[in-house]
Structure formats: structure tokens, C-alpha cells
1. Filter the helices (runs of 4 or more DSSP H) completely within segment 357-424 down to those with at least 3 residues that are free of Cβ contacts under 8 Å to residues at least 40 places away in the same chain and more than 24 Å from Asp884 (Cα to Cα).
2. Looking at the structure I just gave you, is Val783 aliphatic (A, V, I, L, M), in contact with a Lys or Arg (Cβ under 9 Å, 6 or more places away or on another chain), in a loop (DSSP other than H, G, I, E, B) and under 24 Å from Ser732 (Cβ atoms)?
3. Only one of (1) more than 15 Å from the ligand (Cβ to nearest atom); (2) on the phi > 0 side of the Ramachandran plot; (3) surrounded by 19 or more Cβ atoms within 10 Å (Cβ to Cβ) is not met by Gly872, so which one is it?
4. Quick one: His755 ticks every box in (1) within 16 Å of the ligand (Cβ to nearest atom); (2) assigned to a helix (DSSP H, G or I); (3) at negative phi bar one, so which box is it?
5. If I go through segment 160-170 residue by residue, how many of them are part of a loop (DSSP other than H, G, I, E, B) and buried (at least 21 other Cβ atoms within 10 Å of the Cβ)?
6. Hey, among the residues in segment 875-914 that are within 16 Å of the ligand (Cβ to nearest atom) and assigned to a loop (DSSP other than H, G, I, E, B), which one's modelled with the highest pLDDT?
7. Quick test of your reading of the structure: Ala437 fulfils all but one of (1) at pLDDT 95 or above; (2) more than 28 Å from Gly843 (Cα to Cα). Name the failing condition by number.
8. Please indicate, with yes or no, whether at least one residue in segment 459-474 is at pLDDT 95 or above, outside any strand (DSSP E or B), over 22 Å from Arg822 (Cβ atoms) and touching a Phe, Trp or Tyr at 6+ places or on another chain (Cβ under 9 Å).
Amino acid sequence: MSESESPAQMPDDQPNPVLVGPGLKALKNEAYTEATNATPGVEKISSEAPSYFNTLPGAKAATTDPSDTKSQPVQTTGRASSGMDLLRRLSLTSDSPMSPDIDPRAQHPGLRLSGRLISAAFCIPYKLNFRSGSDWTLKSRSGTSALFDSFAYLASDETSWSHTLVGWTGEVEPDVDMKSPLQQIHPNSSVNAPPAPTNLVANQPLNKAAAPVPVDGTKKPPAHPLVEGISVTQQDRERLDEQLSSGRHGRVLPVWLSDASEEPEETILLKDQGRWRRYSERELYPLLHYKQHGPTDGRSERRWWADYVRLNQLFADRIVQEYQEGDVVWVHDYHLFLLPSLLRQRIPNIYVGFFLHSPFPSSEFIRCLAKRKEILEGVLGANMIGFQTFSYSRHFTSCCTRVLGFESNSAGVDAYGAHVAVDVFPIGIDARSIQKAAFGAPDIEKTVLGIRKLYAGKKIIVGRDRLDSVRGVAQKLQAFEIFLERYPEWRDKVVLIQVTSPTSVEEEKEDPDNKIAGQISNLVSTINGRFGSLSFSPVQYYPQYLSPREYFALLRVADVGLITTVRDGMNTTSLEYIVCQQTNHSPLILSEFSGTAGTLPSAIHINPWDMVGVAGAINQALNMPAEQRKEQHLKLYKHVVTNTVSMWSRQYLNRLLTNLSSFDQSVATPALDRAKLMKQYRKARRRLFMFDYDGTLTPIVKDPQAAIPSDRVLRTLKSLSADPRNAVWIISGRDQAFLDEWMGHIPELGLSAEHGCFIRKPGSEDWENLAESSNMGWQKEVVDVFQHYTERTQGSFIERKRVALTWHYRRADPEYGAFQARECRKALEDTVAKRWDVEVMAGKANLEVRPTFVNKGFIATRLVNEYGTAPGKAPEFILCLGDDFTDEDMFRALKKFDLPRDHVYSVTVGASSKQTDASWHLLEPADVIGSIQMLFSANQDH
Ligand SMILES: O=P(O)(O)OC[C@H]1O[C@@H](O)[C@H](O)[C@@H](O)[C@@H]1O
């Protein structure tokens, strides 16, 4: 995720774990994240420094304790609102709690909600240190701070949800004396040792790592627990469950990722723990950020994929164990793309939302992914998918159309007949706690003064990024060099303080050459060599984690905030910077490639690839008059404090529930009950089968002529129709020639062509034309319209049948084809359909026109009527299967007969959430044949 890593930015060896043992003791100075939503037993930081509001002239102190979440906004007087009034009000309202949510159960009575919300995120908000048999050590996990704040909000009294967070434990680390000597120096050394930290203010190395390691030559070196694996017993796991349940994020259920087979074993061995992130962080993360790999033999990728599937399955298992009817599940981010579908397979009516925190690129990138189908289908199991910006959502819907052939528009995707809503929710931050940390944390004023003193007389440009190639640090340095070149008046008067924390990207972490780090340090040396002197270096580069205090102090002292990311889902650093600038009003230079850009139009937007443009923007920002800075900051600030992370959570959930209410999910179609079907099949002596062809007996393929029946299908139909008790019909939109050619050799089959225009009875070779008497004058007009669109839609073509006409766009560009089909349909409905009695039908990547008086429902009715409907005459077993809109006519026709319910099985092929008149569903054509073979072989046994 592309949120900033604050507030927990310290490296793991910082001596300030947030939570230690079951007592959940928080250390005062670093635990600001714990301050707003105090957990019993967790000590709060005190906030003595004046809040922004209190520092404003004439402002009335709202409360004495800014951490008091029950504080109320101050009422402003009746005079006209000045900018300052607004700021004052915003400053306070952002800090005051929102009124508790209205209970979603009251708002959406039709949904039968339980009031419980299960969030699924890749990792729990803590890093775990483990020693068998004793308490776990829990530290705040860095990164995705906004998301963790959202969980805290959902678990707080401010909402009526009962919240449970399900997440992976993350890489469990052994407690310090279980580690190898190497591990004791750099706890991260299995991954990438952090550089020796330096103190930002004193600029002195704190190099603890330089201490010599005592070596006892008489002892065998200890086994490396991260290599050998860590064994965690059932009791250890239970102890952790207990420790986790009392934090500010509410109930936290850890997912244990291991190779243990089905049932969780008594003792779990955690080994090569990094493997669980490999597929998502090596394959998905780069691609989502527009980076493509070179070709490989694909072996490693297959292994990573297997782990990715297992990871998602283990999450599904954990959630299913926890699930109660009416629960809402909210899945976060690309590590869990498969989870929505895995959940839906097991709980068809489940309410699931998904939110992607990273960018979603153009389909041109996604289509390069070997598992593109699985990934898209996985996430389409959700009822609603949220994105940070409109362009990401647009890319997603377009991808579903291009890669999966699903119809989509900006409101959502029709996946197997189910509507999956797609919407945009730019994430915010917890402005209130940032404000408190930046202005109220102990010693922060000292740190601010320290930095100012260090760079007295200089303008300070601040950059804080992760060292991923997509964060644009190299672009920033290059632009800064050009700035110093083109604007010599600023030399010696400006310093760029650039802080980078280690990359979070698996692939880059393990790059032995550390290319990006090398590139950055070369650029820093070049700039300092060119423009520095013995006493001053214009780039101060800190490759290290910062403590929250240093981080916020840095954002406060900045004269310019500079963000040049080349891809970023959101970029919450920019939002935190705005909160920290409430007294200075320093401008923000923001890359147009960050998700935040769309919501912050008052920042100075730059294209990070245009170095000269960025250099100009730096000059503009440094020269900006105070009044303009204030005015721009006011607008930015207003956005940040009104669009907080709590607001984001609420909006997402409200929209999800509204969508669920409008597409009645409670009527999800159940999977065909095969046992029931078989029972009735065995009992019945008169049985009627009606099969659609395309999409039911064969999968939909690019070229309609290539959709020929497989041997398995033909054998099944032959065997089924050989039983004299069975009447078996194919009721298709296909023409007689096609049906004759591929199924005509089975004499016992009944055939109906062109959506009911023709029928060929079992045992006969002649076709009856039911549309004989109708005037076909409409055909020429339809062909003319089709022709018009064929000429303008590359890859489309017309299929002329005897009566019905079909325009196919399956081989055209999917989005353009769908667009043209809509236009074509409108043109037909406005002209031909007004003059003639014909129906225009949208099929799967086609448009069909046929006379209105015949349809598949008419044939179904006729076939049932041929038996007669009186008891003893009517068929005792009817199985009718179809996949598309035209087959719904059959399902509707069957509903009109007054036959016993367990005698009639109407089955749609597609998702359970499809809007259909069928009573049952099967997922795909292979399941249709499987179910029929089951009946047939069962019958042979009897
Ligand atoms: O009704 P079915 O069997 O699903 O067929 C629908 C359409 O499928 C297309 O593939 C055929 O080219 C059309 O001619 C046909 O009408």
C-alpha cells in the first residue's frame, strides 16, 4: 500500500515497543498512535503543547485535554466567516468525535445484518516477537498507518459495528536471545539490514551495530531460527489471541500461515515466512505500479502462486470459522485478491466488500500477468470494489471487459450475471491524532527548534519516501540539481532534507546490488560535489527510519514539501504534511502520479518526469507570497480534516450496504442440489430435458463457429436420450444447419433453432418453420443497420440465419465493441423495432434480432403442454438449463405451470448472485455435463 509509513517509523531495534506482554504497557514518547483511542491499560501520551486552534489569535481553548475524544466543537459567533474562522472550526471539528454512526441495521432493514464487521488485511497491526512458553512481544507495525487507524475507528465506540480484524501474523521473529549473533545486530538481516541510523538533529551516528560481537569458540553456533523454523504450540497461539484482543484495533484474529495440512496442528512450524508475500510483492506490486519483469522460465512464479492461493485459502478458512449470518466482510488490498471469491464459494449470500489501496494500472499491464483471469475473477466475488481514484476504477472495469469479456460501465461490472459495484473512495488520515503527535508530543518543540537551528538561514525542502523505485526519489534529486543550476540565486540558501526508509518491495529488498540505493547516493554526491562547500551540503540524505517525533518535526519545519512519486496509490505523507503545516502554510509540491493529487487541487502539481518543470515548481513554491500560501493551505487543510480516515470507512461501508440493498443479495440462487435432483430423476417415469447450447453445453469462445460440442457432451446427450423415459431437447439461438451438423446424428434428440423459430422433433429429420407466415421485410432493414456498424467496428461480423440475424463483436475491441453494440441497439429500437414486430436482444458479445412472437419460452411451454399438465400425464421431472438473457424466457415459462416444485429444476449457468428466474445455478458448462452424467450413471445402477 502506498500510504506513508508513519507513525511507526522506528526500526525494529528501537527500544520502544508499543505493547509489551499482556499488560499492554505503552511507552509514552512513541506511542502516539495509541493516544486517541485509549485502550484500558495503555498509558496515554500527555499533550501539553498548545493545539493549532489554541495558538490562533483570539481562539478559545476548546478543552483542556486534547486527547479527550468526547470534546465538542466550539460554537462560532454569528459574524461572517473569515478564512481563519473556518480553519478554527475545521481544526476543532476534525478533532471532535463524529457522532456515533446510525446503526446500519436500522438503516438497511432489508439486509438482515448482524451488526458485526470482519476486516481482512494482509497483516495485523503488530510485529511479533516470540519466545516459546512466555508472553509475546508486540510492537507497532510500520506502514499502512491510515488503514490501521481505520480499524481502530471501527473498533471504537464511535461506530455501532462490532469489529474483528483478521490478518496474518507477519514474519514472527524469535526473541532476541534466540537469534544468531548476526540477527542480534540487525534483526532484519535475513531480509535487508537497515543502514546504521543517524540522529537527524545532532547528525551523529548512533551506530549500535558497531559493537563487537563476543564469540565463544567452545560452543556450537546457535541454529538460525528463521532458517530452521520456529515452532509455535497451540498454547502459544492461544496466549497471543488473548494478548491481541485488548488493543485499540478491537478483536484481532491472527492467521497462521504454514504448510500444516487441513486441520490446524498442535504445533505449527513457521519457516521461510517471507514466501507468503512473494507473489504479491514480486508479481503484483510491480505490475500494479506499472513495472514489468523481464521474461523468466516461470518456475519460481508458479511456486509463489501456489503460496498465494494457500494464503488466501487460509484467510477464507479463518473467516468462515468466525462468520455468522449477516456479517459484513471487508477485504483489503492486493495480497487478498482471491479472498472474495473463495468466501463466496463457501457462503453464497455473504456480504463482501473489497478495497484496493494501491493503483490499478491500464489493462495493458494486467493482461501481461499469467494469472490475470484468476486475479480478476477472485476479486469479482465481492459485492463492491473500491479504489483510491477514478482512473484506477476505470482501468479495472475496462480490464474486466478486455480480459474477461464482462460487460462493464463506470458503476460496475456484470460478472456472470452478478452486478459488482465499483466506486471511488480516496483514503484520508486521522488528522486529529496527527495534529496531536505533531504539536503535542513531548519534546517535539525541542526537536523542531533543533532542526531549525541546524539549518538556520536556509529554506528547507523536505522529502520523505520509501526507497522503492516508484517513489521517484531519483527524479527528485535530478530535479533539485536542475533547480540549483537554473536558479543560482538559491544556492547556499536552500537545503533538501531527504529521508528514505528501506523499501517494502520484496524484489528490491533482495536486490544484491541495491541499485536504487546506489543511484541515489551517486546523485547525492554529485549534487553536493557541484553545489556544496566544506561547510554546507545542499542535500542532506538520511537513509533511515525516523521516530514519529523526528518525522513530524521535520514536516513542521519544512518551507516546501516535495513529493515526486512516479506511482503511488494515495500518498498519505502529503496529507500529514498539510496537518503539520497549519502554522507555516508552506506549499506542497505534489506529483500528479500520486492518488492524492486528484483530491488536492490546491497543491502545486508536477509531472516528476519533467525535471525542468519540477525545478520551476520549487522556485515558484519558495517565492510564493505569504497570503497565497495561506489561502492554498486553507483549502488543503480543509480537505484533510474533513475527509478523515473515519469518514472514509463510513462512506465505504454505507455505499456497500446501499449497493447490497439495491441489488437484493438475499435472493442469491442456490447451487443445484444434486441429491434432490437425482432422487426425483429416479422416481420419475416421464422426464423432460431442455438444454440451451452456447454457454450451457459449451463454453463461450472467440469464434462462434469453433464452439462445437465435445465428445463428452455428445456421448452424454446420446446416452441420456437413449432412455425412452427421457425427452431431450436442445433449444438454441443457433441455426438449423449448425444443429443438424453437430447433433443431427442423434435421432432421439429434439432440436429447436433460432430461438424457437424452427423445431425438429425426435426421430424426425424435418424442420418445422414456426415463423413461416411472418413477413420477413424487417430483415433487410436490420442488415443495413448491422452493416453500418460492421463497417465501423473492426473485427465485428454479421451472422445471417434463416429468420434471426446476429451481429457479433466478440472479436472486436471489447470496450469499443460494447459501445457500438449499445449504439446499434438504440438505432434498431428507434427504427426497425418501431415498425416491425421484432425483438432486439443483447447476447454475449452479440446483438440478435428475431420476431417477437417466438422465443425459447414459447418452445418450453409447447413441450410441457404436449405431455398435458394433468396429474399422471405431466412430466414428473423437468430439467431446463441456460445461461443468458434469452434462456430466462424458458425459466419464466416453467414458473407459470402449476407443477410440484420438486418436479421442476430450472438452472442458470453462472454465479449464484446472478439476477435470474431460475431456481438453481451451476457455475460452468463442465458442471452441467457432470450433473447429467451423474444422473445417467446413477440410473444405470438401478
Ligand atoms: O441460444 P444459444 O445456444 O446460447 O446461442 C446464442 C447465440 O450464440 C452465438 O454464438 C451464435 O453464433 C448465435 O447464432 C446464437 O444465437
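1. Values: elements: 363-366, 372-379, 390-404.
Those helices (runs of 4 or more DSSP H) span 390-404.
2. No.
3. In the conditions (1) more than 15 Å from the ligand (Cβ to nearest atom); (2) on the phi > 0 side of the Ramachandran plot; (3) surrounded by 19 or more Cβ atoms within 10 Å (Cβ to Cβ), Gly872 misses (3) alone.
4. Only one criterion in (1) within 16 Å of the ligand (Cβ to nearest atom); (2) assigned to a helix (DSSP H, G or I); (3) at negative phi is unmet by His755, namely (3).
5. 2
6. Pass one, segment 875-914, residues within 16 Å of the ligand (Cβ to nearest atom): 880-893, 906-910, 914.
Cutting the leftovers down to assigned to a loop (DSSP other than H, G, I, E, B) gives us 883-884, 910, 914.
Numbers: Asp883: 94, Asp884: 91, Gly910: 87, Lys914: 79.
By that ranking, first place goes to Asp883.
7. (1) is the only condition that Ala437 fails.
8. Checked against the condition, which is being at pLDDT 95 or above, outside any strand (DSSP E or B), over 22 Å from Arg822 (Cβ atoms) and touching a Phe, Trp or Tyr at 6+ places or on another chain (Cβ under 9 Å), segment 459-474 yields no hits at all.
The values are calculated or read from the model by the stated rules, or taken from the named source; none is laboratory data. The structure presented is a predicted model; accordingly, all values stated were derived computationally and were not measured. In this analysis, Cβ positions are derived from the backbone assuming ideal geometry, glycine residues included, and neighbour counts consider all displayed protein chains.
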